[in-house]
Each structure stands twice: as C-alpha cells, then as structure tokens.
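Bear in mind that the values in this text are calculations on the coordinates, not laboratory data. Predicted model only: the values in this text are computed from it and were never measured. In this analysis, Cβ positions are derived from the backbone assuming ideal geometry, glycine residues included, and neighbour counts consider all displayed protein chains.
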Amino acid sequence: MQEIKITHKQEYLHKKYPFSSIPSLTDRRYCMQCKSEIVVGEYKVFKEGNGKEVICCPNAPACNGTVMDWYKLH
C-alpha cells in the first residue's frame with residue numbers, strides 16, 4: 001500500500017468517511033488494533049493495489065487499524 005498525503009483532512013472525511021456520523025479532527029477514538037487512544041485528525045490514508053483508498057490509524061503502517069476499528073471514548 002502507498003500512503004497518500006491529505007491536505008484538507010476534514011473535507012476528505014466528509015467525502016470518504018464510511019459512516020453517517022463524521023467526527024471532527026479534534027475528536028479522540030480508541031483503536032482496537034493497536035490498543036491506543038488516537039486523535040482523528042492524525043489519520044493516514046493508504047491506497048491499496050486495486051486503487052481503493054483506506055482511512056487508517058495514525059499509527060499505520062505499524063498498526064493495521066482502519067476507521068472500522070475506531071471506537072468513541074466515554
């Protein structure tokens with residue numbers, strides 16, 4: 001996978017976030033893959049071999065987490 005640098009991160013989330021409740025860049029989440037608290041705005045985007053763009057954990061590529069693995073903190 002190849003990392004893609006995203007300049008306008010909030011705009012990208014509004015276009016590509018797979019769920020209806022789009023977080024703000026300052027929101028915090030818990031990544032179930034790397035067991036870390038993350039800041040949404042630090043996310044990374046990678047392009048897979050088939051061209052699909054995936055929103056990933058800020059700890060990628062060491063962490064395999066994507067938005068599917070992020071949970072709201074209580």
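Some points to look at:
- Modelled label positions at Y17 and K47, each set 7 Å beyond Cα in the direction of Cβ, lie 2.4 nm from each other.
- Solution diffusion estimate, µm²/s, Stokes-Einstein, the chain, Kirkwood Rh from C-alpha pairs, 37 °C, viscosity 0.692 mPa s: 266 µm²/s
- Rounded to the nearest 500, the 222 nm mean residue ellipticity of the chain from helices alone is -3000 deg cm²/dmol, with -39,500 (n - 2.57) taken per DSSP H run of at least 4 residues.
- What separates the Cα centres of the range 57-74 and the range 1-39 is a distance of 8 Å.
- Computed from backbone phi with θ = phi - 60° and the Karplus coefficients 6.51, -1.76 and 1.60, the 3J(HN,Hα) list for the range 13-26 is 4, 4, 8, 10, 5, x, 10, 6, 8, 7, x, 8, 5, 8 Hz; x is used for glycine and proline.
- Across the range 63-74, coupling constants 3J(HN,Hα) worked out from phi with the 6.51/-1.76/1.60 Karplus curve, θ = phi - 60°, read 9, 8, x, 10, 4, 5, 9, 9, 10, 5, 8, 9 Hz, and Gly and Pro carry x.
- Across the chain, the mean sequence separation of Cα contacts (distance under 8 Å, 6 or more residues apart), normalised by length, yields a relative contact order of 31 percent.
- Simple label model, 7 Å out from Cα along Cβ direction - S24 to K72, nm: 1.4 nm
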